[in-house]
Amino acid sequence: MSRTSLFLPLGLFLVMAFMLWRGFALNDPHELPSALLNQPLPAFEKTRLADGAPVTRDALLGEPFLLNVWATWCPTCKAEHAELNRIAATYGVPLVGVNYKDNGPAARAWLARYGDPYRLSLVDDDGSLGIELGVYGAPETFVVDAEGVIRYKRVGAVDRRVWEEEIRPLLTRLGLPLETPKA
Amino acid sequence: MSLRHVLRTALTLAALALAPLGFGAIDTYEFASAEDEARYKALIDELRCPKCLNTNLSGSDSPISADLRRTVATMVQAGEGDQAIRDYLLARYGDFILYRPRVMPATYALWFGPAVLLLLALLIVVRMVQRQRQDAGPAPLTDAEQAALARLANRGGQGAE
């Protein structure tokens, strides 16, 4: 046994330490990188939750907006709802909802009860728009720029930290004039 | 054994026999040919449920998996190729959806690592065998050493009473 092979255990230890460090650094293995980042928002023809009027992708474009996937069966959506109400009321952020695999009357009742922060909600009862958007669990929130390109995706609730640190700076960078909150 | 006894036993056995049927995906899709059906089954076996950490589409009961199975079935029925279907889901869900990862720099270690390790192991074994052959046992004794050994052996034989 030569002198150099004495270092074999140390080498093995370092390799394992590196791999474990990388492995545990993935703080949430459920969080997948979005394949749609910097891709155009997919085309769709859906209806509006409020009155069933048809809505297409191009009708939404013109200024940056938030696209929020929600459902009444989703507890995290309910937890997130207060923050959406707050940012819509305080900053005047254009919010578009995607009512994902839900029941129309229940969804309308939900918005009537908890407040409606959305300019409009799209009805995606069969989840087809969800698949186009790569949605795998509500709530999910996208930032779409004025040209219709997806610039950001959040899986899970939007809370105050996410809004202040991630979404608000991005919207400002994209040139959306946000109302300043009254102190 | 009474009739009631027999009946109860039979019912229990029937329930036990049917129990496994309650698991797994049970949606049924009609395909034009057996090949299409085989393609569908192969695809949902090798595509991963995006909501789960370690389940394929065929083994998952989550609603998103049911939706994706429907998407795959619809695309197979429409005559789309396997690669087109994989690419469609890849564009939306990313590499996570593939249980068979693509060959690219980030996955080189995954694809070629085992072969490299095997080669390395073979090299080590070859070198160990070579070394063992080189120093296979001590060198034969020289004449002087032989004589010294004989002397020592003699003395040991006399001294050990």
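Using amide H atoms built 1.01 Å from N in the peptide plane, name the residues 5+ places from A:LEU37, or on other chains, whose amide H lies under 5 Å from its own. Amide H neighbours of A:LEU37: none. Between segment B:62-100 and segment A:31-97, the alpha-carbon centres lie 24 Å apart.
Each label was represented as a point 7 Å from its Cα along the Cα-to-Cβ direction; for B:ARG100 and B:PHE31 these points are 1.5 nm apart. Computed over segment A:40-183, the P(r) tail beyond 24 angstrom holds 24 percent of alpha carbon pairs. Taken over the alpha carbons of segment B:41-161 as equal point scatterers, the Debye sum produces base-10 log I(q)/I(0) values at 0.11, 0.16 Å⁻¹ of -0.61, -0.85. Angle of helix B:82-93 to the longest C-alpha principal axis of chain B, folded into 0 to 90 degrees and rounded to 10: 90°.
Against chain A, whose longest principal axis is taken from its Cα atoms, helix A:8-25 shows a tilt of about 10°.
Taken residue by residue and averaged, Cβ atoms of other chains lying within 10 Å of the Cβ of B:88-95 number 5.
For A:VAL15 and B:ARG151, the FRET efficiency from 1/(1 + (r/R0)^6), where r spans their Cβ atoms and R0 equals 56 Å, is about 0.50. The trypsin sites (Lys or Arg not before Pro) of segment A:1-96 that meet both conditions, a loop assignment by DSSP and at most 13 other Cβ atoms within 10 Å of the site Cβ, are A:ARG3.
Counting Cβ atoms of other protein chains within 10 Å of each Cβ in B:45-54 and taking the mean gives 2.
Our summary of shape: the Cα atoms of segment A:1-118 have principal axis extents of 81, 30, 29 Å, ordered from largest down, in whole angstrom. With both residues required to sit in chain A, DSSP beta bridges show an antiparallel share near 60%. Would you mind checking the tilt of helix B:63-77 against the longest principal axis of the Cα atoms of chain B, expressed as 0 to 90 degrees and rounded to 10? Approximately 80 degrees, to the nearest ten. Taking the helices alone, the protein assembly as shown has a mean residue ellipticity at 222 nm of -15000 deg cm²/dmol, built from -39,500 (n - 2.57) per DSSP H run of at least 4 residues and averaged over all its residues. On association of chains B and A, roughly 1400 Å² of accessible area becomes buried (total for both chains; probe 1.4 Å).
Amide H to amide H, with H built 1.01 Å from N, A:VAL55 comes under 5 Å of A:LYS46, A:THR47, A:ARG48, counting only residues 5 or more places away or on other chains. Of the solvent-accessible surface of the protein assembly as shown, computed with a 1.4 Å probe over protein heavy atoms with every protein chain present, carbon and sulfur atoms account for 62 percent.
For segment B:106-159, the fraction of C-alpha pairs more than 17 angstrom apart is 66%. Size descriptors for the protein assembly as shown: radius of gyration and Dmax over Cα atoms are 33.2, 118 Å. Over segment B:23-102, the fraction of Cα-Cα pairs per 10 Å bin, rounded to whole percents and listed from the shortest bin up, is 19, 57, 23, 0. The mean number of partner chain beta-carbon atoms within 10 angstrom of a residue's beta-carbon across peptide A:126-137 is 5. Under the criterion of Cα pairs below 8 Å and six or more residues apart, the relative contact order for chain A equals 27 percent.
Calculated accessible area for the protein assembly as shown comes out at 63 Å² per residue, all protein chains present (probe 1.4 Å; ligands, DNA, RNA ignored). In summary, the lysines within cross-link reach of B:LYS41, defined as a Cα separation below 27 angstrom excluding same-chain residues under 8 places away, comprise A:LYS101, B:LYS51.
The values are calculated or read from the model by the stated rules, or taken from the named source; none is laboratory data. Only a predicted model underlies this, so the values are computations on that prediction, with no experimental measurement involved. Note that each Cβ is placed from the backbone with ideal geometry, even for glycine, and that neighbours are counted across all protein chains shown. These area figures cover heavy atoms from the full protein model, side chains too; ligands, DNA and RNA do not enter into them. Shrake-Rupley method; radii C 1.70, N 1.55, O 1.52, S 1.80 Å.
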